[in-house]
Structures are given as structure tokens and as C-alpha cells.
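What follows is one structure encoded as C-alpha cells, with my remarks underneath.
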Amino acid sequence: MAPASTDPVHLPARVIIVHGFRANVDAHWFPWLRDALADRGVEATSVELPLPEAPNAADWEREVALALGTPDERTWIVGHSLGAVTSLRALAAQLGDWRLGGVVFVSGFTGTLDTLPDLDEYLAEEVDVERVADRIDTRVVIRSDDDTLVPPAASDALARRLSAEIRVQPGAGHFLEATGMTSLPVVLDALLQTRPAPRT
């Protein structure tokens, strides 16, 4: 894979951060990322999603869509775990001829998981990832090699569907504050240094 390069056309002016199951806007590495982006002049917004312990798909997708507004090439989405699925569904529901600058999905996946049976109902509806991917200029999936909640193979499968670059952070588990993940430079690097993925 060719080395990443910085292209100002594709650097984000605005980043929407979408948390996952049982999380909130101030959990894990989200506050660190907001501050790091703000220090670089990038507007960063975390989406407050209702009932994170018992999420409703329609409610979460609506909140992401409201925060996102009309996608454009200077807007990026960072989604963690269930936040990746939710972001893709919100994008799939967008009308008109839109483009998005990029997505960075951390422990992202689609479809039900044996490790998270509580989310079977939420995840029952499929999303047309391939159609959405064609409208996203840069696509990055970040995973660990020891995630016990979202198996690495599930994140790899999402990356294939997105035709995304995969970046592996060894020993990071599910990227949770409880395991010491209160900053995540690999996400910041993906936002600021990656190059657009080839369009399919």
C-alpha cells in the first residue's frame, strides 16, 4: 500500500464523532479527539445518542443525521463500534447527490455478532455499505488484534465492503477507557494524514 499523504482538499473542516453501545460523548477517547481536533482548527462534534444501554436504531440514526446535516467533502465521520453501523445507515438515508470527505471507523462492523446478542434487533436490518462507500472519498477502518467484543474478522469484513484501508492497533482491545484507551492518535493520524481511497 502506498504511504499516506496529506491533501488539503480532503482534510476535514468538520468531524462528527458517533459513540457506540453503552457509551456517551465523554467516554473513552472521544474528549481527547475533540480537543486534539479543536487545537488544529477543526470543528469536532460528538453526537449525544439516547438510551445508550438500550439503543433504538431509528432514534440513533435520526440523531446522527441531524448532527451531520448535508454531507460535504470537508466533513468526516468517526464512528466507534455500533456508531459505525449507525453512521452508515444515516448516510444511506441521505437524499440527493451527496459526497462525504471521509469516515474513520474504530472496531466497526455490520450484521449481528455472537458477542453482542443484546444488539440483534438493532442489527437485524442490513445497510447497503457498497453504495454508501462509493460516495465517501476516504475510508479507514481501525481495529485491534485482540478485540473480544467485535472480532477482528468482523472489522476486516466491513473494510472489504467499504474498500477501506485497514490500520491495526495491537493490544488495544475494543478501544475502551476501561482498558486505558483515553487517547487514540491513530484516529487523528487517519483524519489528518490519509489520502483518498480509490473509487470503485
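The values are calculated or read from the model by the stated rules, or taken from the named source; none is laboratory data. All values derive from a computational prediction rather than experimental measurement. Reconstructed Cβ throughout: ideal geometry from the backbone, glycine too, with neighbour counts over all protein chains shown. Ligands, DNA and RNA are excluded from the accessible area calculation, which covers all protein heavy atoms including side chains. Shrake-Rupley method; radii C 1.70, N 1.55, O 1.52, S 1.80 Å.
Filter the range 144-161 down to the residues that are among the small types (G, A, S) and either assigned to a loop (DSSP other than H, G, I, E, B) or in contact with a Ser or Thr (Cβ under 9 Å, 6 or more places away or on another chain) (or both), then identify the one that is farthest from M181 (Cα to Cα).
By that ranking, first place goes to A157.
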Output for Cβ contacts, cut-off 8 Å, separation at least six or different chains, first residue touching a residue at least 12 places away in the same chain (Cβ under 8 Å) in the range 35-60, second assigned to a strand (DSSP E or B) and of a type in the set (K, R), reads V42/R14; E43/R14; A44/R14; T45/R14
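Search the range 168-193 for residues being among the polar types (S, T, N, Q) and under 16 Å from the mean Cα position of the chain (by Cα), and hand back the single one that is nearest to H19 (Cα to Cα).
Initial filter on the range 168-193 (among the polar types (S, T, N, Q)): 169, 179, 182-183, 193.
From what's left, under 16 Å from the mean Cα position of the chain (by Cα): 169, 183.
Details: Q169: 19, S183: 14 Å.
Only one residue tops the list, namely S183.
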- Might you check whether a residue that is open to solvent by 50 Å² or more (accessible area, probe 1.4 Å) and more than 26 Å from E177 (Cα to Cα) occurs anywhere in the range 44-62? yes
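Give the range 124-143 a look and list any residue that's farther than 11 Å from L91 by Cα and part of a helix (DSSP H, G or I), or say none. Explain how you work it out, then say what you get.
Keep residues of the range 124-143 that are farther than 11 Å from L91 by Cα, which gives 124-126, 130, 134, 137-143.
Hit for the range 124-143 is E130, nothing else.
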Reported set for the range 114-145 where residues are of a type in the set (D, E) and open to solvent by less than 70 Å² (accessible area, probe 1.4 Å) is D120, D134, D137
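Kindly indicate which of T75, T110, T70, T115 is modelled with pLDDT under 95 and polar (S, T, N, Q).
Numbers: T75 fails: modelled with pLDDT under 95; T110 fails: modelled with pLDDT under 95; T115 fails: modelled with pLDDT under 95.
Within the list T75, T110, T70, T115, the selection yields T70.
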